[in-house]
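I have placed the structure first, in the form of structure tokens, so that the comments after it can refer back to it.
Readers should treat all values here as calculations from the given coordinates under stated rules, not as data from a laboratory. Values in this document were obtained by computation on a predicted structure and should not be read as measured data. No Cβ is skipped: glycine too gets one built from the backbone with ideal geometry, and neighbour counts run over all protein chains shown.
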2 protein chains.
Amino acid sequence: MVLNNYRKEDKVLLAVDCIIFGFYQEELKILLVQRDFEPAKGEWSLIGGFLKKEEDLDIAATRILNHLTGLNNVYMEQVHSYSKLDRDPEERTISVTYFALIDIAHHCKDLLKQNPIKWFDLKDFPELIFDHNDMVQDALTSLRNRVGTKPIGFELLPEKFTMRQLQKLYEAILDTELDKRNFINKFNSFDLLTKLKEKDMSSSKKGAFLFEFDEDKYQKKVEEGFCFKI
Amino acid sequence: MVLNNYRKEDKVLLAVDCIIFGFYQEELKILLVQRDFEPAKGEWSLIGGFLKKEEDLDIAATRILNHLTGLNNVYMEQVHSYSKLDRDPEERTISVTYFALIDIAHHCKDLLKQNPIKWFDLKDFPELIFDHNDMVQDALTSLRNRVGTKPIGFELLPEKFTMRQLQKLYEAILDTELDKRNFINKFNSFDLLTKLKEKDMSSSKKGAFLFEFDEDKYQKKVEEGFCFKI
DNA sequence: GCAAAAGTGTTACGTCTACACCCATGT
DNA sequence: ACATGGGTGTAGACGTAACACTTTTGC
């Protein structure tokens, strides 16, 4: 027999946890929070919260991110749902994760000062509560897959960036070294970037030209069947 | 302030919906059920149910699949969570989808006779309730991505299969035509199949050699860094 | 003048694609 | 003997990967 009465069914707590990635000094970073409530008070955790009756998951993720960071208009994608019975010792909780991509330099100058929130190097961050370490791992895998088929890397960079920054970003995400000429040639072949007249003088004496991602151009190309593939 | 009391939080109904794929007569199929309860009684729907207190999502998906089909040991993967406020008119319900891969020929001879469950051609199935059409689309996308990086296609075939069957399967999943020589050459280059002495005589007079997927060999290769990529 | 990063093309290599004929067998 | 699907190899196109030197300028 098919289940036929919604009201008889068990309800559960639904949480949303955000894996917030940033990019700074050529390294991928992750934003973590020190829990200020039990259980596991004082331990490091992903930024999360509970789904409310009147919102869907995407909105909850946006709200939670905004609530703890003050950030808006952040690129987010749902990753996976976690449901092991004992994953949260306090109460049975199912958690849906989202990864978020943030341009640290632009948005977060004062975040770093705020107390229980801190950026960590993705290669060296503390043990997290519950199954949050798995979540980070899965989110990273998801990001790696995604970045290969959709030009979302820019979400981690300032609007204007140098080719070298872009390359270092992809190197950090994919955890591999890339040849600068091949990288630039490939990216240029997509014809998605606008080269500006400005230069960034912060990393060399000669200065490096700045580029912008042309979202409109990308959308038009997609409609024409273009498929981003790096 | 961080949320600090689990008990105050809203709880929700959590459903699991299964997108069950099969392969038969060179076409991808999907298993659908006619709802025998309100709302939307009589309409076609994915096979689903509600998560129970004592199970995690993987187990719920397995139970639901088994309950409506009698099948065990079915390959399943979580796809996505759907949470639009009005997606289920009866009551706020979040749904987590799983795709399942089934060898129709082997397992389901009598399923077809059972009443409210029916295999449909993936290219021609009825309008589904709620957001189930989106779920099917997303699951198909997920299957397409997955099949390119993990040898799961075999789950849709009998244990022993011909190269032609395998090729037709990939053609059906990817919705594209493949060259038989290129396909065979590529697959053989992986060295994951065992050629049997037996032939399948059902589709030609000459007969076609049967092959088996060597799961152990695949696992060993993966440990050595092998990466399936088709 | 030298250190440090920016910028720029070509060649070799490997992979992917296209393609056509013979084989075995049941009717 | 012929119709049907099974099985096999190669050559050209294409994309990827490897590689080194010149430029600019602040110190």
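In chain B, which residue puts its Cβ closest to the axis that turns chain B onto chain A, and how many whole Å away is it?
Value returned for chain B: B:LYS11, 2.
For B:THR162, which sequence-distant residues (separation of 5 or more, or a different chain) have an amide H within less than 5 Å of its own amide H, given hydrogens modelled in the peptide plane?
Counting only residues 5 or more places away or on other chains, the set is B:PHE211.
Given Cα positions, please report Rg to Rh for segment A:158-223, the hydrodynamic radius being the Kirkwood one.
For segment A:158-223, the value is 0.99.
Rounded to the nearest 5, what is the percent of antiparallel bridges among the DSSP beta bridges in chain B?
Approximately 75 percent, going by the DSSP bridge assignments.
Would you mind telling me which residue in A:ALA61, A:ALA208, A:ALA100 has the biggest mean-square fluctuation in a Gaussian network model of chain A, where springs connect alpha carbons within a distance under 10 angstrom?
A:ALA208
Would you work out which of B:PHE130, B:MET76, B:TRP44 lies farthest towards the positive end of the dipole of segment B:10-147, given +1 charges on the beta-carbon of Lys and Arg and -1 on that of Asp and Glu, about the Cα centre?
It is B:MET76.
Mind putting a number on the dipole of segment B:158-223 about its Cα centre? Charges go on the C-beta only, +1 for Lys and Arg and -1 for Asp and Glu, and I need it in Debye to the nearest 20.
The calculation lands at about 440 debye.
Enter the per residue convex hull volume of segment A:10-147, computed from alpha-carbon coordinates, in Å³ rounded to the nearest integer.
Per residue, the Cα convex hull of segment A:10-147 comes to 113 Å³.
Helix-derived [θ] at 222 nm for chain A: sum -39500 (n - 2.57) over DSSP H runs of at least 4, divide by residue count, nearest 500?
-8500 deg cm²/dmol
Enumerate the amide H contacts of A:ASP200 below 5 Å, restricted to partners 5 or more residues apart or on another chain; note that Pro and chain-start residues carry no placed amide H.
It is A:ALA208, A:PHE209, A:LEU210, by chain and number.
With Cβ to Cβ distances under 15 Å as the rule, what net charge do the other residues near B:LEU192 carry (K, R +1; D, E -1)?
Neighbourhood net charge equals -1.
Once the convex hull of the alpha carbons of the protein assembly as shown is built, what does its volume come to per residue, in cubic angstrom?
Dividing the Cα hull volume of the protein assembly as shown by its residue count gives 174 Å³.
DSSP loop trypsin sites (Lys or Arg not before Pro) in segment B:147-230 with at most 14 other Cβ atoms within 10 Å of their Cβ, which ones?
Passing both the DSSP loop test and the Cβ count: B:LYS205, B:LYS206, B:LYS229.
How big is chain B along each principal axis, measuring the range of its Cα positions in Å and listing the largest first?
Here the Cα extents, ordered largest to smallest, are 65, 45, 30 Å.
In which sequence would A:LEU28, B:LEU32, B:LEU46, A:LEU85 go, from the one with the fewest C-beta neighbours within 10 Å to the one with the most?
A:LEU85, A:LEU28, B:LEU32, B:LEU46
Pick from A:ASP131, A:ASP216, A:ASP36 the residue whose mean-square fluctuation is largest in a GNM of chain A, springs joining Cα atoms under 10 Å.
A:ASP216
Taking the 0 to 90 degree range and rounding to the nearest ten, how far is the long axis of helix A:180-190 tilted relative to the main principal axis of chain A, both from C-alpha atoms?
Between the helix axis and the principal axis of chain A, the angle is about 80 degrees.
Specify the residue with the greatest mean-square fluctuation among B:SER202, B:SER83, B:SER189, computed from a Gaussian network of chain B linking alpha-carbon atoms under 10 Å apart.
Of B:SER202, B:SER83, B:SER189, the most mobile in the Gaussian network model is B:SER202.
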